[in-house]
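Right, one structure below, let's go through it.
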Amino acid sequence: MPYAIQLQEHGGPEVLRWTELATPAPAAHQVVVRNRAVGLNFIDVYYRTGLYPHPLPHGLGLEGAGEVIAVGGEVRHLAVGDRVAYAMGGLGAYAEEHCLEARNVFRLPDDVGFDDGAALALKGLTVRYLLRKTYPVEAGQTILFHAAAGGVGLIACQWAKALGAKLIGTVSNARKAELALANGAWAVIDTSREDIAGRVRELTDGAMVPVVYDSVGRDTWEASLDCLQPRGLMVSFGNASGPVTGVNLGILASKGSLYVTRPTLASYMLTPEMAAEAADDLFSRVRAGDVKASIDQRYALRDAAEAHRALEARKTTGSTVFVLD
Ligand code: NDP
């Protein structure tokens, strides 16, 4: 029987258990993928702790790449043997075999490896909807993007540069600053020693930015609002430091008639057509060389707890991939 990471309870990394688990047969709109590589995402931490509720027991993981080994009766765009990558479509990617919704599974171009597919599928599609759909960034614009040396962050640095935009990235140390700059950030703010809004004011000659992409959440919420131009857009898309709660809407008025959205990738992949268009866009960027995977950590899947500890301790940079045989 194949193995998978399973949770019987929510909690710290120790609740991740490497367990023998039968793979279900795919329903009509599902496929089963034999994973060759699996992506680690901060969202996995939220499901592990229970911040994002899900009935127990459950698996973990929403990103991976491998070969299709079974196909539901109504799936038309995939066949057994296809090399694929996927994002979302059902929890449980931390597994040797994963049964998930077919609309979230995309054929991998021949020249993109499994590791890169697993590093880029969810994170790359996230950057794509943030920069192209939530707020379509234009050439010449200056934007603020938090956690710029992380998995999503390094891809955002590259994609923003390819669009001709100037990305100001926040990072927590000098090594991460170098990495963000090497990946295309226009400027960086080291949050361990610099004031975020003050530096944005200097870097933009007082103009501030039309959009802030904030995945840090609680710790940066107010500083992010302070970086926006009047009527600017706050894109709060993650909770690495904890969720933003108890907001008094009046703060949006006093800081300049601001807009706020709290988006998720799933809302930008509602139909098979939307999902396919998003994947085409991502993989054309990859094939054009605009976006490259930065896999800075690799682990065996059974050591997922160790990878979670590193991610939560802010010790990782770029993407982390679990490799399978
Ligand atoms: P990262 O690799 O970016 O890791 C998180 C980073 O956040 C850390 O490296 C750290 O960078 C920064 N951070 C700031 N404060 C904290 C803190 N208190 N604890 C831990 N980290 C902190 O993760 P991912 O690339 O997987 O994801 C980035 C973010 O994007 C996450 O918040 C995730 O939830 C969100 N996301 C949202 C999606 C959506 O559709 N809404 C989809 C995908 C991801 P530094 O040390 O430089 O500050």
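Below are the figures for this structure:
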item	result
Test: residue in the range 284-300 that is surrounded by 18 or more Cβ atoms within 10 Å (Cβ to Cβ), in contact with a strand residue (DSSP E or B) (Cβ under 9 Å, 6 or more places away or on another chain), under 17 Å from Ala87 (Cβ atoms) and not charged (D, E, K, R)	yes
Elements of type strands (runs of 3 or more DSSP E) in the range 62-158, at least 1 residues being among the aromatic types (Phe, Trp, Tyr) and in contact (Cβ under 8 Å) with a residue 12 or more places away in the chain	83-87, 105-107, 142-145
Complete set of residues in the range 181-233 that are under 22 Å from Lys161 (Cα atoms) and basic (Lys, Arg)	Arg199, Arg201
Any hit, the range 260-279, residues being more than 27 Å from Gly90 (Cβ to Cβ), surrounded by fewer than 21 Cβ atoms within 10 Å (Cβ to Cβ), without any contact (Cβ under 8 Å) to a residue 60 or more places away in the chain and more than 9 Å from the ligand (Cβ to nearest atom)	yes
Pairs where the first residue, in the range 303-325, is without any contact (Cβ under 8 Å) to a residue 24 or more places away in the chain and the second is within 11 Å of the ligand (Cβ to nearest atom), C-beta under 8 Å, 6+ apart	Ala310/Gln297; Ala310/Thr316; Ala310/Thr320
Residue in the range 129-141 that is in contact with a strand residue (DSSP E or B) (Cβ under 8 Å, 6 or more places away or on another chain) and among the small types (Gly, Ala, Ser) present	yes
Of all residues in the range 95-123 being of a type in the set (A, V, I, L, M) and within 16 Å of the ligand (Cβ to nearest atom), the one that is surrounded by the most Cβ atoms within 10 Å (Cβ to Cβ)	Ala118
Test set (1) away from the ligand (no atom under 16 Å from the Cβ); (2) over 21 Å from Val323 (Cα atoms) - Gly92 fails condition number	(2)
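Throughout, read-outs are computed from the coordinates displayed, never taken from laboratory work. Being a predicted model, the structure only gives us computed values, none of them experimental. In this analysis, Cβ positions are derived from the backbone assuming ideal geometry, glycine residues included, and neighbour counts consider all displayed protein chains.
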